[in-house]
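Down below is the structure, laid out as structure tokens.
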Amino acid sequence: MLVVGLTGGIASGKSQVERLLAERFPVIDADVVAREVVAPGQPALAAIAEAFGPSVIADDGALDRARMRVLISENGECRERLNQIVHPRIYQSIEAKLEALRPHHQAAFVSAALMIETGSFRKYDRVLLVTAPAELRLARLQARDGMPEALAQKLMAAQAPDPEKRRHADVEIVNDGDLVALAERTEAALVELGLADP
């Protein structure tokens, strides 16, 4: 089974590409896995509360993701500490899911925004990168999440720039058009990966 890492910066359109791919292939979304590993009752949530204090736990006992996002956008050490707690558990869960898929599928995708930054892209056979111009990503973030421009820029700056990501990618989808164009470019990427007929 070919395992393809899918990545792209915040607001690049990676999630839209993921939805298109999921119509034909299994896709393991690292964000979904991350939510699973920090669910109430999981060891990672207790470790996060111990590391960052009770303010990062919401009233319902779940992780306060908005509070955590602000903390890690303002402090690189906090981001690193959170990654040390969560990433090993995410990788274990993804590996278990891939093993279950192996006998039944030609290919599977693992979607993760920080695949290049964490080095986890090395675990996969190929890397598919989704990019978009920085000003377009900024506009999308502000429109989609109602995010102040300064915070949006901070979140973008916390990720590796596209030229760095490009060095590790096998195939790139540039998402600077509409959804029809994105679907066509996704199809072309699948052809390039040998997963669709030309």
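No lab work stands behind these numbers, since they all come straight from the coordinates. Given the structure is predicted, the values throughout are model-derived calculations rather than measurements. Note: ideal-geometry Cβ built from the backbone for every residue, glycine included; neighbour counts use all protein chains shown.
For the chain, what percent of Cα pairs sit more than 29 Å apart?
For the chain, the fraction of Cα-Cα distances above 29 Å is 26 percent.
May I ask which residue of His87, Leu101, Ala47 lies farthest towards the positive end of the charge dipole of the range 31-104, with charges of +1 (Lys, Arg) and -1 (Asp, Glu) on Cβ and the Cα centre as origin?
Among His87, Leu101, Ala47, the one farthest towards the positive end of the dipole of the range 31-104 is Leu101.
I need to check one value: relative contact order of the range 31-104, counting alpha carbon pairs closer than 8 Å and at least 6 residues apart, in percent.
For the range 31-104, the relative contact order is 32 percent.
With just the Cα atoms of the range 31-104, tell me how far they stretch along each of the three principal axes, in Å, largest first.
Sorted largest first, the three principal extents are 43, 27, 18 Å.
Taking the convex hull of the alpha carbon atoms in the range 99-157, what volume per residue do you get, in Å³?
Expressed per residue, the convex hull around the Cα atoms of the range 99-157 is 124 Å³.
Hey, what number do you get for the chain at 222 nm if only DSSP H runs of n ≥ 4 count, each worth -39500 (n - 2.57), divided across all residues, to the nearest 500?
-16000 deg cm²/dmol
Restricting attention to the range 1-51, which GluC sites (Glu not before Pro) occupy a DSSP loop and are surrounded by at most 10 other Cβ atoms within 10 Å?
Loop-located and lightly packed - Glu23.
Kindly point out which whole DSSP H helices in the chain project their C-alpha atoms 20 angstrom or further along the helix axis while averaging a Kyte-Doolittle hydropathy of -0.5 or above.
none
Mind putting a number on the dipole of the range 31-104 about its Cα centre? Charges go on the C-beta only, +1 for Lys and Arg and -1 for Asp and Glu, and I need it in Debye to the nearest 20.
180
Compute, for the chain, the length of the dipole vector about the Cα centre, with Cβ point charges of +1 (Lys, Arg) and -1 (Asp, Glu) only. Units Debye, rounded to 20.
Once rounded to the nearest 20, the dipole reads 280 debye.
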